[in-house]
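See below for the structure under consideration.
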Amino acid sequence: MKFIDEVIITVQSGNGGRGCVSFRREKYVPRGGPDGGDGGKGGDVILKSTARLRTLYPFQFKRQFRAQNGAHGQGQQKTGRNGNDLTIEIPPGTVVKDADTDEILQDFTADGQSYSVARGGKGGLGNARFKTSTNRTPRYAQPGETGQNRELKLELKLLADVGIIGLPNVGKSTLLSNISSATPKIGAYPFTTLTPTLGVVETGRAEPFIIADIPGLIEGAHQGAGLGIRFLKHIERTRILIHLLDAQTIDPQRPLTDYETVNRELKFFNPRLTQKSQIVVLNKMDLPATDTAAAAFVDALDDQPVILISAIKKKGLEKLISRILELLKRSERSDNE
Ligand SMILES: Nc1nc2c(ncn2[C@@H]2O[C@H](COP(=O)(O)OP(=O)(O)OP(=O)(O)O)[C@@H](O)[C@H]2O)c(=O)[nH]1
Ligand SMILES: [Mg+2]
C-alpha cells in the first residue's frame, strides 16, 4: 500500500557576519592599533523528527526557510553575535533528498533524530586579526561567508493511523471518501474495493491523520473466502480501527451477528488486532427501520459506545472524527510512556 506524501522546500542557512575594520581611538594615543572584531557565524538549518507530526501537511503553507545571519563585527574587538540555528520539524518516516541530485541525505526512521542540512556561513575576520610587524594598520577585514541555499525533497511513506474494517458493502469507501481526500470506487455490490485505499483526513483541529479503507471481510475470510484476509496486514500498524456496520442488515433478533463475524476473522488473522481500540459505528442510519435495529444493537453491545452515522448524508461524521482524534491522542500518550 504505497501512498507517498512529497514536498519540495528551500532552505537557506545564515550568512556569516562581516569582519570589522576599526582602529582604537584613545586619548593620547593618536594612532591606535586595529580593533575590528570578527563577524558572527550564520545559523544552521537543522531538520528534526518529532512524533507529534504524522504528515507533511504543515509544508503546504510554508516552504521557504531561512536561518538567521551572523551579526557584523564591531570596533573594540567586539565579535558579532552568531545567528540562531533554525530547526524544522518533520515526521518520523521522512526521507530527505537533495532535490537536484535525488541523493538521499538522511532517512529519519525514529522520533528525535536531527540532521544539519545547511551550515551557516563563517563570520569574516576583523582587521585586528591581520596586524603584523610589517603592517600595523591593516585596513581590510574579511566578508562573511554566504550561507548555503538548498532545495530539499521530503518524502514520507504514509502509514495509516486508522483502519476501517467491516463486511462488504457496509459503506467503508463511502465513509472514506466523505471524510478524506481519497476518491475510492463506491458500488452497490460487495467487493467493490479490491485493494486498500488511503486518505488524509484534515480536521483543522489537530494534525491530519491517515485513514485506510480495506476490502470487505466475510465469514471464512481466513480460509480464503471472498478476498481473504491478506489485506489485514495493512492495518496491523494502525493505532485504531473503525468497525463499520450496515444498520439495515442488522437483524434485531440477533443484532451482533455481523459484528462478531468480522471480529472473529480479525482474531484468526492476528489475535493482537482484536486488542486495538475499536470504534463501533453503525452506518446507513438514513434508511428506514434502522432505529429499531440500532437500538437492539446498542443494547446487546452493552458497555461499548456506538456511533450512528449516515456516511452518504454526512451525518454524525463530526462526532466520529472527534472520537478518532480523542483515541489517537490517547494512543500517542501511551506510545510515549
Ligand atoms: N443509504 C445509504 N447508503 C449508503 C451509505 N453509505 C454507503 N451507502 C451505499 O452502500 C453501497 C456500498 O458502499 P461502499 O462505500 O462501496 O461500501 P464498501 O463497504 O466500501 O464495500 P466493499 O468495498 O465492497 O467492501 C453503495 O451503494 C453506497 O452508495 C449510507 O450512509 N446510506
Ligand atoms: Mg469499498
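The values are calculated or read from the model by the stated rules, or taken from the named source; none is laboratory data. This structure is a prediction, so every number in the text was calculated from the model and none was measured. Methodologically, a virtual Cβ is constructed for each residue, glycine included, from the backbone with ideal geometry; neighbour enumeration extends over all protein chains shown. Protein only, heavy atoms only, side chains kept; ligands, DNA and RNA dropped before computing areas. Shrake-Rupley method; radii C 1.70, N 1.55, O 1.52, S 1.80 Å.
Among the GluC sites (Glu not before Pro) in the stretch 171-249, those located in a DSSP loop and surrounded by at most 14 other Cβ atoms within 10 Å of their own Cβ are 236. With a cut-off of 16 Å on the backbone N, the residues of the stretch 65-85 near the modelled label site 7 Å out from residue 149 along Cα-Cβ are 65-69. The count of lysine pairs in the stretch 211-324 with alpha-carbon distances below 12 Å, taking only pairs 8 or more places apart or on different chains, stands at 4.
Under the combined filter of DSSP loop state and at most 16 neighbouring Cβ atoms within 10 Å, the stretch 1-79 retains these chymotrypsin sites (Phe, Trp or Tyr not before Pro): 28, 61.
Its relative contact order, with pairs defined as Cα atoms under 8 Å and 6+ residues apart, puts the stretch 85-179 at 29 percent.
Of the heavy-atom accessible surface of the stretch 246-320 (probe 1.4 angstrom), what whole percent is carbon and sulfur? Using a 1.4 Å probe with all protein chains present, the stretch 246-320 comes out at 50 percent carbon and sulfur. You can think of it this way: the chain between residue 253 and residue 275 has 5.2 nm of extra reach, that is 0.36 nm per residue less the Cα-Cα gap.
In the chain, helices alone account for a calculated mean residue ellipticity at 222 nm of -5000 deg cm²/dmol, with every DSSP H run of four or more residues adding -39,500 (n - 2.57). Take every DSSP beta bridge whose two residues both sit in the chain; close to 55 percent of them are antiparallel. Of the GluC sites (Glu not before Pro) found in the stretch 1-107, those in coil by DSSP whose Cβ has at most 10 other Cβ atoms within 10 Å are 103. The alpha-carbon of residue 78 sits under 12 angstrom from the alpha-carbons of these aspartates and glutamates, leaving out residues fewer than 8 places away in its chain: 35, 38. Compared with the alpha-carbon gap, the fully stretched path from residue 57 to residue 24 is longer by 6.5 nm at 0.36 nm per residue.
Value of Rg to Rh for the stretch 30-132, rounded to two decimals, is 1.20; Kirkwood radius and Rg both from alpha-carbon coordinates. Bridge orientation summary for the stretch 203-337: considering DSSP beta bridges with both residues in this region, about 10 percent are antiparallel. Close lysine pairs were tallied over the stretch 86-232: pairs 8 or more places apart or on different chains with Cα atoms under 25 Å apart number 7. Relative contact order of the stretch 247-337, taken over Cα pairs closer than 8 Å and 6 or more residues apart, is 30 percent.
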